[in-house]
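> Quick one: the structure is below, and I'll ask about it shortly.
Every read-out reported here was derived from the displayed coordinates using simple, explicitly stated rules and does not represent laboratory data. Model, not experiment: these values are computed from the prediction. Glycine gets a Cβ as well: all are built from the backbone with ideal geometry, and neighbour counts include every protein chain shown.
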Amino acid sequence: AQSVTQLGSHVSVSEGALVLLRCNYSSSVPPYLFWYVQYPNQGLQLLLKYTTGATLVKGINGFEAEFKKSETSFHLTKPSAHMSDAAEYFCAVRTYGGSQGNLIFGKGTKLSVKP
Amino acid sequence: NAGVTQTPKFRILKIGQSMTLQCTQDMNHNYMYWYRQDPGMGLKLIYYSVGAGITDKGEVPNGYNVSRSTTEDFPLRLELAAPSQTSVYFCASSFSGGGGAYEQYFGPGTRLTVT
């Protein structure tokens, strides 16, 4: 069965600092992985996804994530945080089998950006 | 395209009342989903549908019902509202086929309070 663990429910960075949000997954088959962002009082928006091929995936708003099979990780990074990046971020893995297509979500990491 | 739309945005119910949360998508997606989001708990799948006339339970289906008579619509029914159903509800849709990643597109959510 697939699962996702996000390390750190809250992360705080200063504006201009590196953003690193951690995600580890468990999957018995090659995973499809996703990062979503949720701004206050809004739905989830897809930031980026990994399917196959290049392990460094670029997304919207300057975010990127690297798939590391040996570490079962898919950490999200951004070189320089902006105030507008303050939001909650969710990592997700696609399931296989009977519920093919369903996503398993992590519990989320709330990012705060200090001026 | 409007994407995924949900109505209402907010609702307050008394214990024992019933209501239907509406969800419509205009992307011709075959898969649709209902989630609930509680603080610090991520998203929990309530029900999903792989096409018109086909629905299946997710992780937390008790107290809810769904139907899918058309590709576009996927309403969620609460029959006897309970305080435990106070939550934010999200509808999502995705497209399967063509080797795609099944990334999900989310509506803006319905904030439900049961008192």
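> How long are the semi-axes of the equivalent ellipsoid of the protein assembly as shown, defined as square roots of 5 times the Cα gyration tensor eigenvalues? Whole Å, largest first.
Numbers: eigenvalues 173, 91, 47 Å².
Here the semi-axes work out to 29, 21, 15 Å.
> Now a separate question. Less than 15 Å apart at the alpha-carbon level, and either on another chain or at least 8 residues along: which aspartates and glutamates does that give for A:LYS107?
Counting by Cα, and skipping residues close in sequence, A:LYS107 has these aspartates and glutamates nearby: A:GLU88, B:ASP38, B:GLU59.
> Count, for each residue of A:105-112, the Cβ atoms from other chains sitting within 10 Å of its Cβ, then give me the mean as a whole number. Intermediate results must be reported in sequence, preceding the final value.
Numbers: counts 8, 2, 5, 6, 0, 1, 0, 0.
Partner Cβ neighbours, averaged per residue: 3.
> What does the extension gain come out to for A:HIS82 and A:SER28, with contour length at 0.36 nm per residue minus their alpha carbon separation? Could you put the intermediate results ahead of the total?
Numbers: separation 54, 0.36 × 54 = 19.44 nm, distance 3.64 nm.
Result for the pair: 15.8 nm of gain on full extension.
> By count of other Cβ within 10 Å, fewest leading, how are B:SER84, A:SER27 ordered?
Working: B:SER84 10, A:SER27 19.
By the 10 Å Cβ count, ascending: B:SER84, A:SER27.
> Hey, got the average number of other protein chain Cβ atoms within 10 angstrom for residues in A:41-51? Don't skip to the end; give the middle numbers.
On the way: counts 5, 4, 14, 11, 2, 5, 0, 1, 3, 1, 5.
Taking the mean over all residues of the peptide, I get 5.
> Separation of segment B:48-115 and segment A:37-108 by C-alpha centroid, Å?
Segment B:48-115 and segment A:37-108 have Cα centres separated by 21 Å.
> Which of these, A:VAL29, A:VAL93, A:VAL13, has the largest mean-square fluctuation under a Gaussian network model of chain A (Cα springs below 10 Å)?
A:VAL29
> Bin width 5 Å, origin at 0, all Cα-Cα pairs of segment B:26-115: what percent of pairs per bin?
3, 14, 25, 25, 18, 10, 4, 1, 0, 0
> Follow-up question, since we're still on this one. Could you check which residue among A:ALA54, A:ALA81, A:ALA92 shows the biggest mean-square fluctuation in a GNM of chain A with a 10 Å Cα cutoff?
A:ALA54
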